[in-house]
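Undergrad: Here it is: the structure, laid out below.
The values are calculated or read from the model by the stated rules, or taken from the named source; none is laboratory data. Source: prediction; values computed, not measured. In this analysis, Cβ positions are derived from the backbone assuming ideal geometry, glycine residues included, and neighbour counts consider all displayed protein chains. Just so you know, the surface numbers come from the protein's heavy atoms only, side chains and all, with ligands and any DNA or RNA stripped out. Shrake-Rupley method; radii C 1.70, N 1.55, O 1.52, S 1.80 Å.
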Amino acid sequence: MAKYFFHIRRNDVFEEDLEGIDLASPEQAREEAVAAAREIVAEGIRRGDPADGATFEIMTEEGSLVATVPFRSAVGLE
């Protein structure tokens, strides 16, 4: 198992994930990011917020970028 961090970038704002999560593979990390992005977008819609341009930047414990997951693509808007 490796630790993956799911940082969020919204325009000029960077929200760092300080905890991370242990997962078996980069593919599983991407699946987790897609599921989380869908939940975040759904919650925003319930509050009346637009689906913005936020993106997950999935990083390893060593600091390598594994993938980027745009929230809009996770819900089929791109």
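Undergrad: Per 0.36 nm of contour for each residue apart, how much would the distance between E16 and L65 grow if the chain were fully extended, relative to their Cα-Cα spacing?
TA: Numbers: separation 49, 0.36 × 49 = 17.64 nm, distance 1.34 nm.
Result: 16.3 nm gained on full extension.
Undergrad: Taking the 0 to 90 degree range and rounding to the nearest ten, how far is the long axis of helix 26-47 tilted relative to the main principal axis of the chain, both from C-alpha atoms?
TA: Compared with the principal axis, the helix lies near 20 degrees.
Undergrad: Kirkwood Rh, the chain, all Cα pairs: how many Å? Let's see the in-between values first.
TA: On the way: mean 1/r = 0.0789 Å⁻¹.
Computed over the chain, the radius equals 12.7 Å.
Undergrad: While we're on this one: Could you put V69, V13 in order of accessible surface area, largest first, with the 1.4 Å probe and the full protein assembly present? Provide the component values of the computation, followed by the final result.
TA: Numbers: V69 0, V13 80 Å².
So the residues, ranked largest to smallest area, are V13, V69.
Undergrad: Compare E16, E57, E32 by solvent-accessible area with a 1.4 Å probe and give them largest first, with all protein chains kept in place. Mind showing how you got there, number by number?
TA: Numbers: E16 115, E57 35, E32 80 Å².
Most to least solvent-accessible, the answer reads E16, E32, E57.
Undergrad: Something else now. Using 7 Å Cα-to-Cβ label points, what is the R9/V75 separation (nm, one decimal)?
TA: Result for the modelled spin labels: 2.1 nm.
Undergrad: Could you report the chain's accessible area per residue, 1.4 Å probe, as an integer in Å²? Working shown, then result.
TA: On the way: 5050 Å² over 78 residues.
That works out to 65 Å² for each residue.
Undergrad: Could you give each residue of segment 6-21 its phi-based ³J(HN,Hα) in whole Hz, using Karplus coefficients 6.51, -1.76, 1.60 with θ = phi - 60°, and x for Gly or Pro?
TA: Karplus-based 3J(HN,Hα) across segment 6-21 equals 10, 6, 10, 10, 10, 6, 8, 9, 10, 9, 7, 7, 8, 9, x, 8 Hz.
Undergrad: Over the chain, what is the relative contact order in whole percent, taking alpha-carbon pairs under 8 Å and six or more residues apart? Write out the running numbers ahead of the final one.
TA: Working: 130 pairs, mean separation 27.0, N = 78.
So the answer I get is 35 percent.
Undergrad: Could you work out what % of the accessible surface of the chain is carbon and sulfur, using a 1.4 angstrom probe and leaving DNA, RNA and ligands out of the count?
TA: Working: 2410 of 5050 Å².
Taking all protein chains in place, the chain shows 48 percent carbon and sulfur surface.
Undergrad: For I45 and M1, what does the FRET efficiency come to when R0 = 25 Å and r is the distance between their Cβ atoms, rounded to the nearest 0.05? Numbers along the way, then the final one.
TA: Details: r = 33 Å, r/R0 = 1.33.
Using R0 = 25 Å, I get an efficiency of 0.15.
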